[in-house]
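Only one structure is covered here, and it is reproduced in the block below.
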Amino acid sequence: MSVASFLEPLPVVLAPMEDVTDAPFRRICRSLGASLCVTEFIAAEQVIARSKLAVRRSTLAVDDQPTAIQIYGGDPELLLTAARIAETLGPAFIDINCGCWIPAIAKRGAGAGWLRDPNAMVEMARRISAAVSLPITVKTRIGWGPESHMPIVDLARRLEDVGIQALTIHCRTAAMGHTGAADWSWARRAREVVSIPVIVNGDIRTAADVVRAFAETGCAAVMIGRAAIDHPWIFREARAALAGQPIVPPTDAERRAVYRAMVEANAVARPEHVGVAMTRRHLKVLGPLLSQLRPELLRSPSLAETVAVLDFEPTN
Ligand SMILES: Cc1cc2nc3c(=O)[nH]c(=O)nc-3n(C[C@H](O)[C@H](O)[C@H](O)COP(=O)(O)O)c2cc1C
């Protein structure tokens, strides 16, 4: 099955984010309209060792579809072995992370480190595409930086030639990390030279941005990362905006329900206090309720106390 078959018209995709896009969060985003999800990245070595972390990140429930498993690594041989294992785990496809800028990862040739040697990246992609039956996709950046002309356009063409079935472009250089503005024009330029789906990513923060990103790039899909952490309703709002319908903001009851669903799922998936603590990363989903609920939620180490705070509504 091709990647395009997972992409409905104008799809809005949840970006892979370590410690964020785990199964509970994917479920929330999908229920709010995300068309496709990607797991947190998983080191090839960990996939091969079937480490606890790798098993947690790569286990997909039957209703967790379509979801791609994302792997990373600097050694093509290990990536290939990891991809073969990942394909047995039932993902929609396998995505190779060639965009992580974090020095500990990029310096050893993994993630965005591949952008320092595009020939090696293309050869790695060729080997893995040839050896694995599921579609292989790549998520990368526009270049290592600060090139005057970014390699992404040529890379897109070459990756398509070796069998990569979709390309996500985070429209920053590796050197930029998360600073500076994403330049979506590179996704448009890359899209113009290939026929595989190109997914534009970077700084898509509102439903209006989604509409603009589609219009400005002509890409097959847009991918949303950080904006979904605090406001997973962005998927629902984007769908409404794309359909020309009014945007309905979440009600307070929905905000409480989403936080509750996340904390309940996280408390089961991990030691309870860890699940409760990590859900606080999403405190801002509470929106206008945050100032009222935050102090109590920060003081609530257990699931029962957290739920009690969420359930309490002052009568006057
Ligand atoms: C907390 C965090 C974790 C991330 N983890 C990953 C990851 O595991 N794999 C990946 O390809 N990108 C990862 N990214 C990058 C995002 O997928 C995305 O490319 C980037 O945040 C830009 O999109 P945005 O402006 O919509 O956030 C991460 C970003 C953040 C903020």
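Taken together, the values in this text are just the output of simple stated rules run on the coordinates, not laboratory data. Since the structure is predicted, the reported quantities are computational estimates derived from the model, not experimental observations. Virtual Cβ from ideal backbone geometry, glycine too; neighbours counted across all protein chains shown.
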Within the range 23-46, which residues are surrounded by fewer than 24 Cβ atoms within 10 Å (Cβ to Cβ) and within 11 Å of the ligand (Cβ to nearest atom)? 40, 43
What's the total number of residues in the range 185-218 that are buried (at least 24 other Cβ atoms within 10 Å of the Cβ) and in a loop (DSSP other than H, G, I, E, B)? 2
On the given criteria, is residue 163 within 15 Å of the ligand (Cβ to nearest atom) and assigned to a loop (DSSP other than H, G, I, E, B)? no
Of the residues in the range 219-238, those that are assigned to a helix (DSSP H, G or I) and farther than 17 Å from residue 26 by Cβ come to 237
Within the range 75-121, residues of a type outside the set (A, V, I, L, M), outside any helix (DSSP H, G or I) and within 15 Å of the ligand (Cβ to nearest atom) come out as 91, 93, 95, 97, 98, 99, 100, 101
How many residues does the range 130-159 contain that are in a helix (DSSP H, G or I), closer than 24 Å to residue 14 by Cβ and not hydrophobic (A, V, I, L, M, F, W, C)? 0
